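**Student:** Got a structure here, written out as structure tokens. Questions coming.
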Amino acid sequence: MSSTLTRVPILDPRPEIDSIWSEVMAAVEDVLRSGQFIMGPNVTGFEKEAAEYLGVKHALGLNSGTDALILGVHALGLKPGDEVISTPFTFFATTECVSHFRATPVFVDIDPETFNFQVDEIEAAITPRTKGIIPVHLFGQPVDMDPLMEVANRHGLWVLEDVAQAFGGDDRGRKLGSIGHAGAFSFFPTKNLGGCGDGGLFVTDDDAVAETVRILRVHGAKKKYHNEQVGVNSRLDAIQAAILRCKLPHIDGWNEARRTAAHRYTDALIGVEGLVTPIEVEFGTHVYHQYTVRILGGRRDEVQRKLDEAGIGTMVYYEKPLHKLPVYAGMDVSMPVSEQCAAEVLSLPIWPKIETAVQDRVVDALKAALA
Ligand SMILES: *Cc1c(COP(=O)(O)O)cnc(C)c1O
């Protein structure tokens, strides 16, 4: 495939799978021949391997990252009327889980350089109703977890990390998702560890919380047909677990390749007028789920259109901060930094095996669009 003639997508998930094709095919064939499509050895095997990799006691395969958040806040005890502190600059699922229980998300505005919420502003948002905090390691950039955990512990709040975009990232050597009381991962195909369909993972060191999620994912039944609670049907498919087991041993190499590609962009784009390149926090590892620049001077939409005309796919994550979504109409808050970033951000094509020539084409088109 000639990279100079075809369109550059924002993400090409095929090279990863291509590089382990025969292994994946054999694993899928094994599942098909086994006849065991729900739970079974691939799900428990993946849960064990993921728990070891992440350094957590319990890892539970679920239907999606969204379910990991919903079952997570349920198990952590969220009730109607409670408040949960989070970031407005994220995907809706982050606080959809809170609203699902008729509890209220309370937003803390972001830092324009990391796109993550300002940890030193969390304490001012705490009220007697606050029960927990959901930090999001957005675009693969770690939230500063030490001061966050200090505030949470001092106020008796739980912390559920939204790690959907940061599988394999770390904060001071600890894997993201293993630092709070629990973590929620997504295996949506675009994520750093992506399946070939939906999938998610809930992790925790807390035995009781793990047991609750383990029961909730199978209709609230510890023993089949002896339902004790109102749960849901949310299991990781055996086929997805088998594929994820093939991919997991490669995640560090693939994240490293994303970082190399990101640094190549930054080297080429730093100092270009009208554009701000992403930074990396010094206390952890950014795993570049997205490579997101800011386009200044109100020119983002124009630049995106010009890149599209040049055959370069880009995305705006996120067009509207959560407090501006129709679902939260009536929420009367102002989050000026999130609102400004929503108008400026542009995510460029990135994946572990993106070719240098493709990146050069993106850089040239971006410079031309800004000129
Ligand atoms: C993808 C994503 C989710 C939801 O994961 P699904 O597996 O798609 O349900 C939650 N939070 C964030 C930040 C995400 O990017």
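The values are calculated or read from the model by the stated rules, or taken from the named source; none is laboratory data. Every value quoted in this text rests on a predicted model; they were computed, and no experiment measured them. Don't worry about glycine lacking a Cβ; one is built from the backbone with ideal geometry, like all the others, and counts go over all protein chains shown.
**Student:** Out of all the residues in the range 207-236, which are within 16 Å of the ligand (Cβ to nearest atom) and closer than 25 Å to residue 169 by Cα?
**Tutor:** Hits for the range 207-236 are 213, 235, 236.
**Student:** Pick from 232, 213, 218, 287: which is surrounded by 15 or more Cβ atoms within 10 Å (Cβ to Cβ), under 28 Å from residue 318 (Cα atoms) and not polar (S, T, N, Q)?
**Tutor:** 287
**Student:** Determine whether residue 204 is at pLDDT 95 or above, crowded, with 24+ Cβ neighbours inside 10 Å, closer than 20 Å to residue 43 by Cα and away from the ligand (no atom under 14 Å from the Cβ).
**Tutor:** Yes, satisfied.
**Student:** Quick test for you: out of 26, 50, pick the one residue that is away from the ligand (no atom under 16 Å from the Cβ), in a helix (DSSP H, G or I) and among the aliphatic types (A, V, I, L, M).
**Tutor:** Going through 26, 50 in turn, the sole match is 26.
**Student:** Being within 13 Å of residue 285 (Cβ to Cβ) and either more than 10 Å from the ligand (Cβ to nearest atom) or of a type in the set (D, E, K, R) (or both) is the filter here, so list the residues in the range 147-176 that pass it.
**Tutor:** 167, 168, 169, 170, 171, 172, 173, 174, 175, 176
**Student:** If a residue has to be part of a strand (DSSP E or B), of a type in the set (S, T, N, Q) and more than 13 Å from the ligand (Cβ to nearest atom) to count, how many in the range 86-126 make the cut?
**Tutor:** Summing the residues that are part of a strand (DSSP E or B), of a type in the set (S, T, N, Q) and more than 13 Å from the ligand (Cβ to nearest atom) in the range 86-126 gives 1.
**Student:** Given the structure, is residue 143 modelled with pLDDT of 95 or more, touching an Asp or Glu at 6+ places or on another chain (Cβ under 8 Å) and of a type in the set (A, V, I, L, M, F, W, C)?
**Tutor:** Yes: the conditions hold for residue 143.
**Student:** Restrict the check to the range 341-353 and report whether at least one residue is within 13 Å of residue 88 (Cβ to Cβ), in contact with a helix residue (DSSP H, G or I) (Cβ under 7 Å, 6 or more places away or on another chain) and not basic (Lys, Arg).
**Tutor:** no
Yes or no, residue by residue, for (1) farther than 15 Å from residue 199 by Cβ; (2) surrounded by fewer than 16 Cβ atoms within 10 Å (Cβ to Cβ); (3) at pLDDT below 95:
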| residue | (1), (2), (3) |
| --- | --- |
| 29 | yes, yes, no |
| 63 | no, no, no |
| 74 | yes, no, no |
| 77 | yes, yes, no |
| 89 | yes, no, no |
| 99 | yes, yes, no |
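**Student:** Here are 245, 294, 258: which of them is charged (D, E, K, R) and in the same structural domain as residue 53 (by TED's automatic domain parsing)?
**Tutor:** Just one listed residue meets the conditions, 245.
**Student:** Taking the range 180-198, which residues are of a type outside the set (Ser, Thr, Tyr) and in contact with a Pro (Cβ under 9 Å, 6 or more places away or on another chain)?
**Tutor:** Listed by number, the residues that qualify are 180, 189, 192, 194, 195, 196, 197, 198.
Conditions tested, residue by residue: (1) among the β-branched types (Val, Ile, Thr); (2) without any contact (Cβ under 8 Å) to a residue 12 or more places away in the chain; (3) assigned to a loop (DSSP other than H, G, I, E, B).
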position: 139; (1), (2), (3): no, no, no
position: 151; (1), (2), (3): yes, no, no
position: 161; (1), (2), (3): no, no, no
position: 164; (1), (2), (3): no, no, yes
position: 177; (1), (2), (3): no, no, yes
position: 180; (1), (2), (3): no, no, yes
position: 189; (1), (2), (3): no, no, yes
